[in-house]
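For reference, the structure discussed in these notes is given below.
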Amino acid sequence: MAAYLTCQSLSGLPLFIRRKGDIPSLPFPLVASLNGVYTYTKTQGAELENTCSENTFVVWKEYHDTFMLCIVATDSSLSTVHLKHILDLVSHTMVFYLGLEELVSVKNIERLKKDLKVCYPLIDTILDGLSPKEDLEDFCDLTNYTDVLCCTERSTFEGILNCFAESVGTVFGCLRVSGKVAAATPNWWTLDSVELLQIQLLLSNERYDTGIDIPIYLPVRSPKIPFRLVQWKLTQNSDVCLLCGPTPSLADLEKEVKRFWRTAFALLKSAESCYPANIPLDITLDKNVLSYLVVNTEKRRSLSSLSPHSTSGDAHSHLTAVRKRDILRTFYKTIVGTMINLPSATQSDSEDASHDSKEVFMNFEYYSLHALISEMHLILVLYPSGLHNHYLRSITRSTLKILTHEKNCKWG
């Protein structure tokens with residue numbers, strides 16, 4: 001899979017080009033041609049949104065009446081719905097780091113090109129989602145929803161987190177376990193999905209021994225006034241994240257971290273044991289469930305696991321965790337926005353609403369897939385091959401019921 005991403009001002013000046021895959025640099029004449037075709041259609045009173053060849057998709061989109069993004073990708077599982085989503089993420093990333101004012105009030109184009117370099121790591125991470133690295137287990141870049149971990153300690157963590165956040169003068173905070181949100185303050189969930197996603201992508205992209213402390217802009221809530229994004233590692237696999245103002249200092253924050261979290265390490269260890277199933281150990285799913293992804297569109301959260309059982313036999317050893325992740329991601333990209341709509345999506349969001357359905361089956365030589373929509377949930381499940389569809393439907397329904405209604409499985 002290969003992809004080119006170009007960004008240029010509406011006057012035609014190139015701002016940056018990024019690429020994904022082992023491919024050569026994009027020749028300038030081709031960049032100019034892509035821009036020229038788009039500009040020509042505008043002069044004719046039309047708007048060119050996308051085009052495609054046998055194995056290549058091209059999508060254009062303008063932002064803030066200031067710049068235009070274009071992506072050229074070779075991936076048969078992609079649709080324009082998902083490519084537009086990638087362009088939206090890149091645009092939000094630019095606002096996330098630089099603020100809206102610097103993007104719309106450009107005084108020096110060369111200075112802007114230099115400032116945009118800070119966005120490159122996160123933009124490259126977004127493009128990596130087209131063909132993820134082996135260590136990526138999250139689905140947030142694809143679904144636009146926060147990846148969560150379900151643990152029985154959630155209510156206790158929420159109590160500690162609320163008191164901790166109040167002590168440092170903020171209402172925005174979350175606790176992450178194994179890179180997934182295990183608890184959050186009520187106001188954390190009031191942030192826009194785009195902002196939660198940008199924060200999650202940034203935290204998964206940064207690797208620090210203790211944490212981070214950087215200024216960011218919230219693309220929806222605060223695109224012109226920056227917040228401080230502070231992350232502090234509690235254990236090797238757990239960290240706490242806050243959005244705050246100029247205070248507290250890192251020294252004061254360290255004191256508060258020790259005061260509130262030093263007694264919670266046993267609880268954190270217990271919560272960490274839920275990984276990689278990402279659900280409490282006393283919850284058992286059908287042995288035929290090889291991996292799953294559940295999306296709650298109302299709460300804007302997703303729960304997933306590539307290894308949902310504490311022990312696994314050799315029967316399906318050919319399906320590694322990476323292979324299962326790739327299968328689920330391809331399945332999601334193939335059906336969402338084309339065959340089915342997410343429960344909260346409007347009919348017009350689909351490329352062809354007439355093909356909208358409530359469930360999809362796909363059967364292959366070595367595995368089967370089933371997707372089911374139920375109220376505000378979408379669930380995708382990977383199964384071994386050879387099972388009848390009516391049996392898959394029964395297991396999927398029972399799995400969804402367990403993951404959304406079980407007393408010890410509260411995450412939505």
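Test Tyr4 against the criterion of being open to solvent by 10 Å² or more (accessible area, probe 1.4 Å), of a type outside the set (Asp, Glu), touching a helix residue (DSSP H, G or I) at 6+ places or on another chain (Cβ under 6 Å) and at pLDDT 90 or above, and give yes or no. Before the answer, list the steps.
Details: open to solvent by 10 Å² or more (accessible area, probe 1.4 Å): yes; of a type outside the set (Asp, Glu): yes; touching a helix residue (DSSP H, G or I) at 6+ places or on another chain (Cβ under 6 Å): no; at pLDDT 90 or above: yes.
In short, no.
When the range 217-233 is examined, which residues are found to be among the β-branched types (Val, Ile, Thr) and under 18 Å from the mean Cα position of the chain (by Cα)? Walk me through it before giving the result.
Taking the range 217-233 as the starting set, the residues that turn out to be among the β-branched types (Val, Ile, Thr) are 220, 225, 230.
Result: Val220, single match.
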Set Ser357, Ser312, Ser304: member being under 23 Å from Ser178 (Cβ atoms) and at pLDDT below 90: Ser312
Report, by residue number, each residue of the range 217-234 that is in contact with a helix residue (DSSP H, G or I) (Cβ under 7 Å, 6 or more places away or on another chain) and either assigned to a strand (DSSP E or B) or open to solvent by 70 Å² or more (accessible area, probe 1.4 Å) (or both). Tyr217, Leu218, Val220, Arg221, Pro223, Lys224, Leu229, Val230, Gln231, Trp232
Is it the case that the range 40-47 has a residue that's assigned to a loop (DSSP other than H, G, I, E, B) and aliphatic (A, V, I, L, M)? yes
Which of the numbered conditions does Pro246 fail, given that it passes all the others? Conditions: (1) outside any helix (DSSP H, G or I); (2) touching a residue at least 24 places away in the same chain (Cβ under 8 Å); (3) more than 30 Å from Tyr383 (Cα to Cα); (4) not aliphatic (A, V, I, L, M). (2)
For the condition basic (Lys, Arg) and outside any helix (DSSP H, G or I), what is the one hit in Lys258, Lys299? Lys299
For Pro276, are the conditions met, namely being touching a residue at least 12 places away in the same chain (Cβ under 8 Å), under 23 Å from Trp188 (Cβ atoms) and not in a strand (DSSP E or B)? no
Residue list for the range 10-39, restricted to those being assigned to a loop (DSSP other than H, G, I, E, B), more than 28 Å from the chain's Cα centre (by Cα) and among the polar types (S, T, N, Q): Ser11
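From the set of residues in the range 32-77 that are among the acidic types (Asp, Glu) and under 23 Å from Lys20 (Cα atoms), which is modelled with the lowest pLDDT?
Residues of the range 32-77 that are among the acidic types (Asp, Glu), as a first pass: 47, 49, 54, 62, 65, 75.
Checking which are under 23 Å from Lys20 (Cα atoms) leaves us with 49, 54, 62, 75.
Numbers: Glu49: 90, Glu54: 79, Glu62: 95, Asp75: 76.
Applying the filter and picking the extreme gives Asp75.
Suppose the filter is in a loop (DSSP other than H, G, I, E, B) and either closer than 25 Å to Thr334 by Cβ or not aromatic (Phe, Trp, Tyr) (or both); does Leu130 pass it?
On the way: in a loop (DSSP other than H, G, I, E, B): yes; either closer than 25 Å to Thr334 by Cβ or not aromatic (Phe, Trp, Tyr) (or both): yes.
So Leu130 passes the test.
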Can you name every residue in the range 117-133 that is closer than 15 Å to Ala73 by Cα, surrounded by fewer than 20 Cβ atoms within 10 Å (Cβ to Cβ) and of a type outside the set (D, E, K, R)? Ser131, Pro132
Checked Asn205, Asn237 against criteria (of a type in the set (S, T, N, Q) and in contact with a Pro (Cβ under 8 Å, 6 or more places away or on another chain)); the one match is Asn205
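For the subset of the range 65-86 comprising residues that are assigned to a helix (DSSP H, G or I) and without any contact (Cβ under 8 Å) to a residue 40 or more places away in the chain, which member is least open to solvent (accessible area, probe 1.4 Å)?
Here is the first cut: in the range 65-86, the ones assigned to a helix (DSSP H, G or I) are 80-86.
Now narrow it down to the ones that are without any contact (Cβ under 8 Å) to a residue 40 or more places away in the chain: 83-84.
Values: Leu83: 0, Lys84: 60 Å².
Once the filter is applied, the top-ranked residue is Leu83.
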Here the residues within the range 381-403 that are open to solvent by 30 Å² or more (accessible area, probe 1.4 Å) and in a helix (DSSP H, G or I) are Asn389, His390, Tyr391, Arg393, Ser394, Arg397, Ser398, Lys401, Ile402
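The values are calculated or read from the model by the stated rules, or taken from the named source; none is laboratory data. Keep in mind that this is a model prediction, so the values were computed, not measured. Here Cβ is always computed from backbone atoms with ideal geometry, including for glycine, and neighbour counts include all displayed protein chains. To get the accessible areas, we keep the full protein, side chains included, count just its heavy atoms, and leave off ligands, DNA and RNA. Shrake-Rupley method; radii C 1.70, N 1.55, O 1.52, S 1.80 Å.
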